[in-house]
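Working notes, beginning with the structure itself.
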Amino acid sequence: MKKENLKLYIKTTLTLCIMAGVSAGVVGLVNYFTAPTIAVNSILREENACKEIYSKATSFDKEFDAEEENSYGFKYVTKSWRALNGSADFYGLVFRCTGKNAYGGISLIVGFNKDYSVEKVKVVENTESFATTVNDYIKTTYNGDTTIQYDDISNLDVSCGATYGAKLVRSMLVEAGGGAKKMMFGETYEK
Amino acid sequence: MKNNNHEHLKNLTRGIFVENPLFVMILGTCPALAVTKSLEAALGMSILFMITLIGSNVVISLLKKLIPEAIKIPCYIVIIASFVTVIKMLCEAFLPELYSTLGVFISLIVVNCIVLGRAEAFANKNTVFDSFLDAIGMSLGYGLALIIMALIREIFGTGGITMGNILTFIPYFSFVPLATYKLQFFQMPAGAFLVLGLILAVIAFYQNRKHEHQLVKERLIKQEQALLAAQNKAPNVEVK
């Protein structure tokens, strides 16, 4: 190897290493300062979505957290809360679901009533390339005037211009609905 | 000195009108079609785009002599991507509504042709100050184009203007007098294509007209010159 070539290779390698190192440092530093605010924002978004779903509920007691223990073996459901009011009247269960596909990811909050019907679906985060189409689909299909029962979810039409996103939403709701049945019928509630 | 000032001014204004990235060079059309549903989203995108372009242009211009020719494009991409990531995190933390509205299009600024194009075509060859002015001009031009498109789409699509929902530092304001006559089509992707197409057609019409006027003017000057030349050549004949 010629000495000149070696010099060029070393210079190129060093430049790339320094560039990558400085960039990583800057990104890491900004992340260090913004991560707590982002986490607070996420919690606030969750709380607001829960309140929008069950506006009469005064408290949302934690029922399930996949980070602590995933005894139900959920794939999409990450958290769940019981929607209650002051006199401990139970309105339903609220689930936070997060899923990904080739087009991005969706995080949503869904409320299931005591009769296993869908109360409302609120999108917390949508990074799908067809995000607007998926949001419109959720609005018209799940938040419309028609009441949707848990058993009907798997038969819902997903053709909307963002079929894969709509399928992901449907899968998340099927899992959350199944979870609601288990939690309400199982040991947690009937006792 | 005067010439220098003229050059600086030219660098600043070039991107706004003569070389407008969207309406003249037809660059960055993907986000332009996607984020111009509302004036606020367009304004937010313009601000984020401006910060990215100014930052990357200045840094690239500063490091132009240190970056080896063979790896300049990967280096530019790293610099631009770092700026976009930082801006994305700051936006997610302090402007969450804007972050959720623009979504994937914030990350896509990395691959926006305008940013990489200006780095390669301008910042790479010019001084830091000139690159800074170029970035301001180009981002103002792009922002202006986005705002024009968003204004048309929002007014026709919703029947008015609403502010303060996405950019929360702006006081809430809603003026929707034509809500009953709104045309939902303008809020859809096809509406975006139509608006962009119509604006480009209007620009092309004026440019063509200007070009035709120029041609006519040149032809008239030529005819006049030919007539003068013919008069000068013609022998003086006295009529008795």
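The values are calculated or read from the model by the stated rules, or taken from the named source; none is laboratory data. The shown structure was predicted, so the numbers you read here are calculated from the model rather than taken from an experiment. All Cβ positions, even for glycine, are placed from backbone atoms using ideal geometry, and neighbour counts span all protein chains on display.
Could you check, for the stretch A:18-32, whether at least one of its residues is touching a residue at least 24 places away in the same chain (Cβ under 8 Å) and either basic (Lys, Arg) or within 18 Å of residue B:89 (Cβ to Cβ) (or both)?
no
Taken together, the criteria exclude residue A:40 from residues that are surrounded by 11 or more Cβ atoms within 10 Å (Cβ to Cβ) and within 24 Å of residue B:82 (Cβ to Cβ).
Cβ-Cβ contacts under 7 Å between residues 6 or more apart (or on different chains), taken from a first residue in the stretch A:116-139 that is over 18 Å from residue A:171 (Cβ atoms) to a second residue that is in a strand (DSSP E or B) and not hydroxyl-bearing (Ser, Thr, Tyr), are listed as A:117/A:149; A:119/A:92; A:119/A:111; A:119/A:112; A:119/A:113; A:120/A:111; A:129/A:104. If you go through the stretch B:121-134 one residue at a time, do you hit one that is under 30 Å from residue A:104 (Cα atoms) and among the aliphatic types (A, V, I, L, M)? No - not one qualifying residue is present in the stretch B:121-134.
Among the candidates B:23, B:17, B:49, which residue alone is aromatic (Phe, Trp, Tyr) and surrounded by fewer than 20 Cβ atoms within 10 Å (Cβ to Cβ)? Result: B:17 is the single residue among B:23, B:17, B:49 that is aromatic (Phe, Trp, Tyr) and surrounded by fewer than 20 Cβ atoms within 10 Å (Cβ to Cβ). Among the conditions (1) modelled with pLDDT of 90 or more; (2) touching a helix residue (DSSP H, G or I) at 6+ places or on another chain (Cβ under 8 Å), the only one that residue B:102 does not satisfy is (1).
Taken over the stretch A:83-102, residues that are touching a residue at least 60 places away in the same chain (Cβ under 8 Å) and touching a helix residue (DSSP H, G or I) at 6+ places or on another chain (Cβ under 6 Å) amount to 5.
Only helices (runs of 4 or more DSSP H) whose full extent lies in the stretch B:86-177 are considered here, and the ones with at least 1 residues that are more than 14 Å from every other protein chain (Cβ to nearest Cβ) and either in contact with a Ser or Thr (Cβ under 7 Å, 6 or more places away or on another chain) or free of Cβ contacts under 8 Å to residues at least 60 places away in the same chain (or both) are B:113-118, B:128-158.
If you take the residues in the stretch A:119-136 that are in contact with a Gly (Cβ under 7 Å, 6 or more places away or on another chain) and away from chain B (no Cβ under 14 Å), which one is surrounded by the most Cβ atoms within 10 Å (Cβ to Cβ)? Per the criteria, the residue is A:119.
Does residue A:79 fit the bill of being within 14 Å of chain B (Cβ to nearest Cβ) and surrounded by 12 or more Cβ atoms within 10 Å (Cβ to Cβ)? When the stated conditions are applied, residue A:79 does not pass them. Kindly evaluate residue B:44 against the criterion of being within 12 Å of chain A (Cβ to nearest Cβ), among the small types (Gly, Ala, Ser), assigned to a helix (DSSP H, G or I) and crowded, with 18+ Cβ neighbours inside 10 Å. No.
On the stretch given as the stretch A:149-174, residues that are buried (at least 20 other Cβ atoms within 10 Å of the Cβ) and either farther than 16 Å from residue A:92 by Cα or modelled with pLDDT under 90 (or both) total 7. The single condition among (1) within 14 Å of chain B (Cβ to nearest Cβ); (2) within 27 Å of residue A:40 (Cα to Cα); (3) over 19 Å from the mean Cα position of the chain (by Cα) that residue A:91 does not meet is (1).
The combined condition, being out of contact with any Lys or Arg (no Cβ under 9 Å at 6 or more places or on another chain), within 13 Å of another protein chain (Cβ to nearest Cβ) and more than 18 Å from residue B:99 (Cα to Cα), is fulfilled by residue A:32. Give the stretch B:186-226 a look and list any residue that's without any contact (Cβ under 8 Å) to a residue 12 or more places away in the chain and β-branched (Val, Ile, Thr), or say none. B:202, B:216, B:221, listed by residue number.
Residues are listed down the side, and each one gets a yes or a no for (1) within 14 Å of another protein chain (Cβ to nearest Cβ); (2) in contact with a strand residue (DSSP E or B) (Cβ under 7 Å, 6 or more places away or on another chain):
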position: A:13; (1), (2): yes, no
position: A:17; (1), (2): yes, no
position: A:24; (1), (2): yes, no
position: A:36; (1), (2): yes, no
position: A:52; (1), (2): no, yes
position: A:63; (1), (2): no, yes
position: A:69; (1), (2): no, no
